[in-house]
Amino acid sequence: MSPKLRVLLAVLLGLLGGLLLGYFGRQWISIDFKRELGLGDVLNFAITLVFAFVLQNYLQKRFGNERAEKEHLIDLIKDSITFLRDTRTAFMATYDSKKILPEDAKAIKALLRNLINSIELLKGLLNTCGYNSEGSECSNIETLYLEYKRILTGGSFPTKPYDGGQFSDAEKAYGQLNSKLNHLRITLNRK
């Protein structure tokens, strides 16, 4: 059963239950309702309705937009993590093959460029959306990125294959960068 149908069914059952309760309650219990409506009663009802609709629309717009912004930022972080993992995969492939082909070097550089572009975009949007402390966290992420890039493209890249020291340093930098990006994603999600 669809959620809309469930809500409609619940409303109809509530109305039916209210009518039955009112009918039988009147039969068994002697309740006398005031049948006159004054101007104050009508105004009170109208103000209550207006207030309820205005408040509902305000809250829906406020929190609906905020959640949409957070979802978009979280998606950007996930994209950055994907670029980071793709870069690591390309690095691992060249490390395992014990040689760096020109197309491998080009792929690693392109993936690193995509990674920094996504981090820069994320940083700008965090500041635009008012997440200034998280935006400053991106500066730490950029520093880790620069270290990761230095390890992958520094030294004898692309003329000589990666050695064990570069592999170890790259894995450490990858772990730190991945951890910071995931921490930022979790922090945003909790706000």
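The values are calculated or read from the model by the stated rules, or taken from the named source; none is laboratory data. Please read all numbers here as calculations on a predicted model, not as lab measurements. Methodologically, a virtual Cβ is constructed for each residue, glycine included, from the backbone with ideal geometry; neighbour enumeration extends over all protein chains shown. For the accessible areas, the whole protein counts, side chains as well, though only heavy atoms, and no ligand, DNA or RNA atoms are used. Shrake-Rupley method; radii C 1.70, N 1.55, O 1.52, S 1.80 Å.
Accessible area per residue, 1.4 Å probe, Å², for the chain: what's the number? Accessible area per residue: 69 Å². Where a ≥ b ≥ c are the square roots of the eigenvalues of the C-alpha gyration tensor, would you call the chain rounded, which needs a/c under 1.5, or, failing that, prolate if a/b is larger than b/c, or oblate? Prolate, because a/c is 1.5 or more and a/b exceeds b/c. The charge dipole of the range 1-143, taken about the Cα centre with unit charges on the Cβ atoms of Lys, Arg (+1) and Asp, Glu (-1), comes to about 340 debye, rounded to the nearest 20.
By accessible area, using a 1.4 Å probe on protein heavy atoms only, the range 57-191 has 52% of its surface on carbon and sulfur. Applying 1/(1 + (r/R0)^6) with r as the Cβ-Cβ distance of Ala10 and Leu125 and R0 = 41 angstrom yields a FRET efficiency of 0.55.
Compute the length gained on full extension between Phe53 and Asp75: take 0.36 nm times their separation in residues and subtract their Cα-Cα distance, giving the result in nm to one decimal. The partial results should precede the final answer.
Working: separation 22, 0.36 × 22 = 7.92 nm, distance 3.21 nm.
Length gained, Phe53 through Asp75: 4.7 nm.
Please give the Cα centre distance for the range 116-131 versus the range 39-115, rounded to the nearest Å. Cα centroid of the range 116-131 versus Cα centroid of the range 39-115: 11 Å apart.
The peptide list 84-94, 129-139, put in order of mean Cβ contacts within 10 Å with the highest first, becomes 84-94, 129-139.
Near Ala90, once Lys and Arg are set to +1 and Asp and Glu to -1 for all other residues with Cβ below 12 Å from its Cβ, the sum equals 0.
Ranked by the mean number of other Cβ atoms within 10 Å of their residues, highest first, the peptides 155-166, 68-79, 4-15 come out as 68-79, 155-166, 4-15.
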